[in-house]
Amino acid sequence: MANQPEKALPVLPTADDPATTWLEYIHALLLEENVRDARRMADEIPQSLRSDSKIQHLITVLSPPEVRVSNRPTGPSRDREYRWLKENSEKYMGQWVAIEGDQLIAASKNLDEVYAELDTYRERHPNGSSLLHFCD
């Protein structure tokens with residue numbers, strides 16, 4: 001989104017606003033790639049609006065990931081990626097990062113830019129297994 005003027009967010013919703021106002025506000029945050037504030041706003045949605053199916057979907061999508069134990073076969077070890085994130089994620093706050101092993105492949109606030117760099121990387125490394133992560 002470089003070189004594009006920032007768009008003003010809609011008016012901050014209140015507890016009395018309808019579900020559509022909350023959805024529009026959170027959608028505007030996501031268009032600005034502001035995942036952190038979108039998650040915070042989803043937590044603030046009044047209980048009276050949480051029966052709306054679109055609100056329920058939004059809350060589910062923005063919820064922090066759940067860690068579950070599984071007996072299914074695992075993929076490649078992510079120890080190196082997790083170590084890299086632990087050591088470096090603060091430098092990339094508010095950005096998407098793509099890493100493989102202990103190598104940073106791409107970092108940007110713009111997810112499409114990271115995908116583009118990943119596509120190029122995967123052409124050169126077709127058997128690679130990169131990890132995509134939002135640092136917040």
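Bear in mind these aren't lab numbers, they're just calculated from the coordinates by the rules spelled out. All of these numbers come straight from a predicted model, not from anything done at the bench. Here Cβ is always computed from backbone atoms with ideal geometry, including for glycine, and neighbour counts include all displayed protein chains.
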Margin query: Nothing charged except the Cβ atoms of Lys and Arg (+1) and of Asp and Glu (-1): what's the magnitude of the dipole of the range 12-73 about its Cα centre? Round to the nearest 20 debye.
Written below: 440 debye
Margin query: What's the ranking of 112-121, 26-35 by average number of surrounding C-beta atoms within 10 Å, highest first?
Written below: 26-35, 112-121
Check: With each run of n ≥ 4 DSSP H residues scored as -39500 (n - 2.57), what mean residue ellipticity at 222 nm is computed for the chain after dividing by its residue count and rounding to the nearest 500 deg cm²/dmol?
Finding: -13000 deg cm²/dmol
Note to self: Counting each pair of different Cα atoms once, what's the Kirkwood radius of the chain in Å, rounded to one decimal?
What the structure shows: 17.2 Å
Note to self: I'd like to know which of P13, G128, I99 lies farthest towards the positive end of the charge dipole of the chain, counting +1 on Cβ of Lys and Arg and -1 on Cβ of Asp and Glu.
What the structure shows: G128
Check: What Kirkwood radius, in Å to one decimal, follows from the Cα pairs of the range 19-62?
Finding: 10.1 Å
Note to self: Taking the Cα centre as origin and putting +1 on Lys and Arg beta-carbons and -1 on Asp and Glu beta-carbons, what dipole magnitude results for the chain, to the nearest 20 debye?
What the structure shows: 500 debye
Next item on the list: With springs connecting C-alpha atoms under 10 Å apart, model the chain as a Gaussian network and identify which of Q56, Q95, Q47 has the largest mean-square fluctuation.
Entry: Q47
Next item on the list: Would you work out the relative contact order for the chain, in percent, from Cα pairs under 8 angstrom that are 6 or more residues apart?
Entry: 18 percent
Checklist line | Area projected by the alpha carbon convex hull of the range 79-134, averaged over all directions, nm² | finding: 3.4 nm²
